[in-house]
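Inspection log for the structure reproduced underneath, given as structure tokens.
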Amino acid sequence: MGLNDELRAVHENFRRHGPEDVRAIMERGARELAESGIAGRALGVGARAPRFALPSADGREVTLDGLLAEGPVVLTFYRGAWCPYCNLELRALQQHHDAIAALGARLVAVSPQVPDESLSLAERERLTFDVLRDVGSDVAKQFGIAFDLSDELGGLYDTFGFDLQRVNGGHARTLPLPASYVIDTAGVIRWAFVETDYTVRAEPADLLAALRDLR
């Protein structure tokens, strides 16, 4: 079973059992985001990846240039530890981390969460790759994948107890789209996955195939 098979199963369970009014708000928000055209404006294949320097979950500074000095980079953006779809994605990436490393690449994940949230996630999921903190989503904005939740959807998330005001360091409504990139050692994006649907993610097998293509 692939990652997106697991994600579909989770979403189908929500569609069957979630309250109708909640489903309607979330579906409306997803439709509006897709219709905004943000995915088409995001950086894609052939673009030069924006240089960044971000703190890791344990406080180290990680730079794109430093990562590229060691080989290609697999960069994935996720919404946060409060998102069950993100957690499934990170677990799947962890399962494929050795295969990614064997192809000479570095895997890093980026979210807008504050330090405690990022560290707790990395420890809970036993992640052996860097989880970076993009509080304020400045790097996500450079990639063209940052967006603001609608008041309706943000209010719904508040009722879920996600407390995005706290976990995102005061930037409660700004999130990244689910996005993954394979960046070559020259800093050029060679493979990209950008999706407005938060229930769909890049398949690790596709990331591995893109890395093999670099060879």
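The values are calculated or read from the model by the stated rules, or taken from the named source; none is laboratory data. In this text the structure is predicted, and so the values were computed from the model without any measurement. Glycine gets a Cβ as well: all are built from the backbone with ideal geometry, and neighbour counts include every protein chain shown.
Data for the structure
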{"quantity": "The stretch 163-183 - residue that is in contact (Cβ under 8 Å) with a residue 40 or more places away in the chain and touching a Gly at 6+ places or on another chain (Cβ under 8 Å) and, of those, surrounded by the fewest Cβ atoms within 10 Å (Cβ to Cβ)", "calculated": "Gly169"}
{"quantity": "The stretch 37-61 residues that are modelled with pLDDT of 95 or more, paired with ones that are buried (at least 16 other Cβ atoms within 10 Å of the Cβ) and of a type in the set (S, T, N, Q) (beta carbon under 7 Å, 6 or more apart)", "calculated": "Ile38/Thr196; Ala39/Thr196"}
{"quantity": "Candidate set: the stretch 140-174, residues that are β-branched (Val, Ile, Thr) and assigned to a helix (DSSP H, G or I); chosen: the one nearest to Val188 (Cα to Cα)", "calculated": "Val167"}
{"quantity": "Among (1) within 24 Å of Gly136 (Cβ to Cβ); (2) of a type in the set (Asp, Glu); (3) surrounded by fewer than 17 Cβ atoms within 10 Å (Cβ to Cβ); (4) modelled with pLDDT of 95 or more, the one test that Glu89 misses", "calculated": "(3)"}
{"quantity": "Cβ pairs under 7 Å, 6+ apart, first in the stretch 1-28 and more than 23 Å from Glu203 (Cα to Cα), second at pLDDT below 95 and acidic (Asp, Glu)", "calculated": "Ile25/Glu152"}
{"quantity": "Residues of the stretch 176-197 that turn out to be of a type outside the set (Ser, Thr, Tyr) and not in a strand (DSSP E or B), as a count", "calculated": "7"}
{"quantity": "For Val200: the one exception among (1) among the hydrophobic types (A, V, I, L, M, F, W, C); (2) part of a loop (DSSP other than H, G, I, E, B); (3) without any contact (Cβ under 8 Å) to a residue 24 or more places away in the chain", "calculated": "(3)"}
{"quantity": "Residue among Ala210, Ala192 that is under 19 Å from Gly37 (Cα atoms) and in contact with a Phe, Trp or Tyr (Cβ under 6 Å, 6 or more places away or on another chain)", "calculated": "Ala192"}
{"quantity": "Sole exception among (1) loosely packed, with under 15 Cβ neighbours inside 10 Å; (2) under 20 Å from Glu203 (Cβ atoms); (3) over 17 Å from the mean Cα position of the chain (by Cα); (4) not β-branched (Val, Ile, Thr) for Gln95, by number", "calculated": "(3)"}
{"quantity": "Any hit, the stretch 106-129, residues being under 25 Å from Arg215 (Cα atoms) and among the basic types (Lys, Arg)", "calculated": "yes"}
{"quantity": "Of residues in the stretch 120-162 being β-branched (Val, Ile, Thr) and over 17 Å from Ala53 (Cα atoms), the one surrounded by the most Cβ atoms within 10 Å (Cβ to Cβ)", "calculated": "Ile145"}
